[in-house]
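Only one structure is covered here, and it is reproduced in the block below.
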Amino acid sequence: MMYIFFAYLFLEVMVSVQVAGLIGGFGVFAEIMFSGFVGIMLLLNVKTTMMQSLKAMSNNCITMKEFQELNIFSLLGAIFLILPGIFSDAIGVLMQFSVFTALIVSNLNKKSGDCHVNPQGEDNVIDVEIVSNDSKLK
């Protein structure tokens, strides 16, 4: 676990120094302020995201595991955006895109009819009509 933390710190410093050399000190400051603001706004809206995920789970569009992953990624992504640094911001943005992508896909499935709930619970019912070709019946 300690090796992962040191690897993260190493990558954070290397990426931040390279980007700071390209965009300058004011650009890095503006990026840190902007990503911090976006992270705080995402944390404030985590309730809405969680309610959308809960609604999708109640409609059987996503499983409990997907519900947990969506909310954990959203929360961790917001925290990574608040942390100062270019590499952590990239991780945070990627985590947010995975959440939005999954929610958009589940909403599209629900609108297209692929995701539906059978209220009677009759998932294995086969509708059959018997047609007789018996010529003796008149």
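Listing for the model above:
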quantity: Number of the exception - residue 35 against (1) touching an Asp or Glu at 6+ places or on another chain (Cβ under 7 Å); (2) surrounded by fewer than 11 Cβ atoms within 10 Å (Cβ to Cβ); calculated: (2)
quantity: From 39, 27, residue being closer than 17 Å to residue 90 by Cα and free of Cβ contacts under 8 Å to residues at least 12 places away in the same chain; calculated: 27
quantity: Residue in the range 5-19 that is over 23 Å from the mean Cα position of the chain (by Cα) and of a type in the set (Ser, Thr, Tyr) present; calculated: yes
quantity: From the options 22, 43, residue that is among the hydrophobic types (A, V, I, L, M, F, W, C), part of a helix (DSSP H, G or I) and either within 22 Å of residue 74 (Cα to Cα) or modelled with pLDDT under 90 (or both); calculated: 43
quantity: Selection within the range 57-88 - outside any helix (DSSP H, G or I) and surrounded by 19 or more Cβ atoms within 10 Å (Cβ to Cβ); calculated: 61, 62, 85
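The values are calculated or read from the model by the stated rules, or taken from the named source; none is laboratory data. Computed from a predicted model, the values in this text were never measured in an experiment. Don't worry about glycine lacking a Cβ; one is built from the backbone with ideal geometry, like all the others, and counts go over all protein chains shown.
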